[in-house]
Each structure stands twice: as C-alpha cells, then as structure tokens.
Amino acid sequence: GDGALLRSVENPVLPHEMTSFRPSFPPLLSLLLLASLPLPAHPFSSPFPTSLVRATAQRAALNPAAPRLGLRAGTRARGPVGPVMEVGDVIDVTWEVFDVQEGLRNAMNDGACVVELEIPTTNRFKDAALNQIYQANTAFAREVVRLFTQPAELCMVFPDAGEAKIAQETYGETPFTLTMLNSERPRGLEVNKYVVMNPVFDVREYIATQELYTNQVQPRDATMILFNADLFKLRSSGITGYYPDFFFPKLAKSREIMMPDVITGFYFRVFRGPPVGALYRKYPGPWQVLRAVEDGQFKVLFESNDVIPPQQNFVLTTLQQSI
C-alpha cells in the first residue's frame, strides 16, 4: 500500500515547486497575504520505477470531447483514443520519452499553439547539485525533441546563460538553435518550433515567454513547447493566486494572453500525501487523479475531459477521501 511505496523511497526529494531547479518563491507581500491559508501537501518527483507504461485495462473510447481552446483555426480536437481508463481501474504509469513524444505529437497534430510538458526528470533532488539537475532536465528534453525530423525548424530557448551553457556542454554540436529568452532570437523563416525550458525562476521569465509567443510564435503560425514550466503557478489568479494579480498586473496580462492557448501534451505530477497520488494526462486522454497502490501502480479516482486540469485543492481532497 502507500506505506510500502513510501518506504521504497531511498532519498527524500524536494517539493515539485523546485522541479524548476532554481529557487522559486512568491514575494514577501504574497506570503503575508497567504499566510493564513492551509499549506498543501507537497508534490514531488516520483520514486516509482519508470519501466511501466502499459494500461491493464482497455475501455471503449469515450465520446469525442468538445473542441478545445488553444487550437489553430481549421483544426478540431480529438476525443480520447486508445486505452481509456475508467474510475476504479488500476493502471501502470510512466513518463518514458516515447510517452511524452506521443502526447506532444498528438497535440501538435491537432493544431495546438502552445503545448505544456510536465515531467519529473530525477527523484534525487537533495543529493544533486543544481547543475546536475539542470543536466537531467536538459538531457530529457534533448531526447524528446528527436521527434522532430527537421532540426533546422527547432529553437531551444533557455532562461539564462548558465542553463544555455549546460545545454551546450550536454548536447555538444547540435543541428538546431540554442538561445536565451532575453537574447536575439533566430529570424529565419524555417524556425517554427520553440522549446522553452523551465521559465519559472521569477515573473520576468513568464512575461518573456509570453512576449516570445506574441512576437515570434504567433506571427509565423509556429508552435511553442513549454518544458517543466510549472504552469500551475499561472493557472491560479486573483488575490489568492500564486502570483496575485494586484501585485503583478503585467504578469496577469501575460497570463490572459498566453494561458488560454495552452494545451497539455503530457503531465505527471506526484503528490507526497499520504496517500501518495498523482495528477496525470497524456493528450488526448483525460485528466486523471490517481492514487498509488501496489508495485508502482495507480488507481483512477477521478477523470475529466476539461482542457484545464483540476485545481490542486480538488486533487488533494479527492486523494484524502480515498483513504
């Protein structure tokens, strides 16, 4: 059960807010405003083995979902296809490169303009130096972008010079472009895919990401892929949001411009619990709230075909009610 799974973790790990691999905290004023709110259980990089990826049950495909937001004109979102789980099923879940590529490919084939990918790339955060964690993220992303057969069309965008340097050292010579958020970006007409890596350090990186989308991606009908961007920070708004609109009006504007166009290609975020659980999606499948059971498997507690994922409080409540 949950206890056995927790005992299998050799090393404690940092909260998922740290999967940006750089410190990321709400400003002091936000903390003062939110001090009275209950703290959620911290999600973390999964300790479960990554060799399991097969569903144990196949169900008839659900009715096609209503057209989703964030798709180019003339495209239509598909309903869930392939193995579809129902509430109560026990499934195996992994985040192998080919799983992430499949979700990304499906979303792009359906005309997604902005594709979110959220993947735990290491489960030993406390034992690793920051540059080692950067390398894990960078190495995983490098494998994902092998999906693209025309590398001249690809530009990987890093938040700062340090992360770009790690990518250069990790990749060596590449057939695609490496650049930074605040640097001059390629203007060649062949570039039509931008992979933005971890723009999560502070609000300026989110704003720069939106400006990249507005100034470079949209005008050329390109695609932007957000890799481990912690978009849950932008999905909450208002005075109780992670970045309250009142104190961050420019970020609030960026959110209004970019977030409606986001489609999640692959998402796996694990919650520490107890009970241990996860929020999961591989496009075009549904959002699923999962509870860990035996041998790295999960039980499906909830499904939703909405574009936007369930709120964290809902996920935590669903997990608690399953005890």
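The values are calculated or read from the model by the stated rules, or taken from the named source; none is laboratory data. If you're wondering where the values come from, they're calculated on a predicted model, not measured in any experiment. Every residue, glycine among them, receives a Cβ derived from its backbone with ideal geometry; neighbour counts consider all protein chains shown. Quick note on the areas: whole protein, heavy atoms, side chains included, nothing else; ligands and nucleic acids left out. Shrake-Rupley method; radii C 1.70, N 1.55, O 1.52, S 1.80 Å.
Structure notes:
- DSSP beta bridges confined to segment 170-323 are antiparallel in about 75 percent of cases.
- Qualifying GluC sites (Glu not before Pro) in segment 253-323, where qualification requires a DSSP coil assignment and no more than 15 other C-beta atoms within 10 Å, comprise 294.
- Summary of the geometry: segment 188-223 and segment 250-318, compared by the centres of their Cα atoms, lie 24 Å apart.
- Solvent-accessible area of residue 237 with every protein chain in place, 1.4 Å probe, in Å² to the nearest 10: 60 Å²
- Once the Cα-Cα distance is subtracted from the 0.36 nm per residue extended length, the residue 182 to residue 211 segment shows a gain of 9.4 nm.
- Taking only the C-alpha atoms of segment 91-238, the Rg (one decimal) and the largest Cα-Cα distance, Dmax (whole number), read 14.9, 45 Å.
- For segment 248-299, the solvent-accessible area works out to 30 Å² per residue, with a probe of 1.4 Å and every protein chain left in place.
- 10 Å binning of all Cα-Cα separations within segment 269-323, expressed as whole percents from 0 upward: 26, 58, 16, 0
- The portion of the accessible surface of segment 104-258 made up by carbon and sulfur, rounded to a whole percent, is 50 (1.4 Å probe; DNA, RNA and ligands excluded).
- Over segment 220-259, the reciprocal of the mean inverse Cα-Cα separation, the Kirkwood hydrodynamic radius, stands at 11.0 Å.
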